[in-house]
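Worksheet for the structure shown next.
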Amino acid sequence: MKFFIDTANLKDIKEAHELGVLDGVTTNPSLMAKEGIKGQANVLAHYKAICEIVDGDVSAEVIATDYVGMIKEGEELVKIDPKIVVKIPMIKDGVKALKYFSDRGIRTNCTLVFSSGQALLAAKAGATYVSPFVGRLDDISQDGLLLIQDIVKIYSNYGFKTQVLAASVRHSMHLLKCAELGADVVTCPLGVITSLLKHPLTDSGLATFLNDHKKVNA
Ligand code: G3P
């Protein structure tokens, strides 16, 4: 199972990388805006800075919503660094763009996926990753994890190579359930990854061990 961090914050990306468990990064226009990045040149420079920190795939999202615009933008994005994966929204022209990039061996991440039908289309078009948004479905009282289960089953039925990248993962239970369901990747904020570390019995057990060690050397 791969862990991606869902942020454009360089400090958090470095921290996750230094922990030694990071396999890649996903970004989106909202996450870029959150970091205060303004202007296309700065956006491209920021993607480059992210690529210099991590070893794995870095998703960079197109802004165009028409086929020609998405192709143009995607081709510019992949020039930044070989780690760049072109992130494309699940709309009709997006499906065509996924096929265009797939035919040319360019990796893609199909984003804003909220149904198994959309995920099936993304796989048929040759997407490298499909990003179902777990938390945003939960937000509207639909079961986001059920969607992960459905997509994993459908892809397994037909041997689709598209990897299920569970996105909008908000807490450790989301992450662990995605692991149980067989998602290939989860993307989430740094805090969700580090929350896996925590257990009160680890803390109290370590305190006892260290205290007893003092007695050994007393
Ligand atoms: O990157 C897309 C997705 O992970 C966003 O998550 O928490 O804004 O729904 P969230």
- Task: Show the residue pairs that are 6+ apart or on different chains and have beta-carbon atoms under 9 Å apart, the first residue being within the range 119-139 and of a type in the set (Phe, Trp, Tyr), the second being part of a helix (DSSP H, G or I) and more than 9 Å from the ligand (Cβ to nearest atom).
- Result: TYR129/ALA122; PHE133/GLY144; PHE133/LEU147
- Give the residues of the range 63-112 that are in contact (Cβ under 8 Å) with a residue 40 or more places away in the chain and more than 19 Å from ALA8 (Cα to Cα), sorted by residue number. ARG107
- Query: If SER131 passes every condition in (1) surrounded by 14 or more Cβ atoms within 10 Å (Cβ to Cβ); (2) away from the ligand (no atom under 13 Å from the Cβ); (3) under 15 Å from PHE3 (Cβ atoms) but one, which one does it miss?
  - Reply: (2)
- Give the residue that is surrounded by the fewest Cβ atoms within 10 Å (Cβ to Cβ), with candidates limited to residues of the range 145-171 that are touching a Pro at 6+ places or on another chain (Cβ under 7 Å) and farther than 17 Å from GLY56 by Cβ. LEU147
- Message: Of the residues ILE80, ILE71, ILE63, ILE53, only one is at negative phi, within 16 Å of the ligand (Cβ to nearest atom) and in contact with a helix residue (DSSP H, G or I) (Cβ under 8 Å, 6 or more places away or on another chain); which?
- Response: ILE63
- Note on the structure: Of the residues in the range 168-217, those that are part of a helix (DSSP H, G or I) and hydroxyl-bearing (Ser, Thr, Tyr) come to SER172, THR194, SER195, THR202, SER204, THR208
- Query: Going by the structure shown, is LEU22 within 19 Å of HIS171 (Cβ to Cβ), modelled with pLDDT of 95 or more and within 12 Å of the ligand (Cβ to nearest atom)?
  - Reply: no
- Looking only at the range 173-218, count how many residues are modelled with pLDDT under 95 and among the hydrophobic types (A, V, I, L, M, F, W, C). 2
- Note on the structure: Quick count over the range 172-197, residues being surrounded by fewer than 18 Cβ atoms within 10 Å (Cβ to Cβ) and farther than 20 Å from LYS11 by Cα, is 7
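The values are calculated or read from the model by the stated rules, or taken from the named source; none is laboratory data. In this text the structure is predicted, and so the values were computed from the model without any measurement. Every residue, glycine as well, gets a Cβ built from its backbone with ideal geometry; the counts of neighbours run over all protein chains shown.
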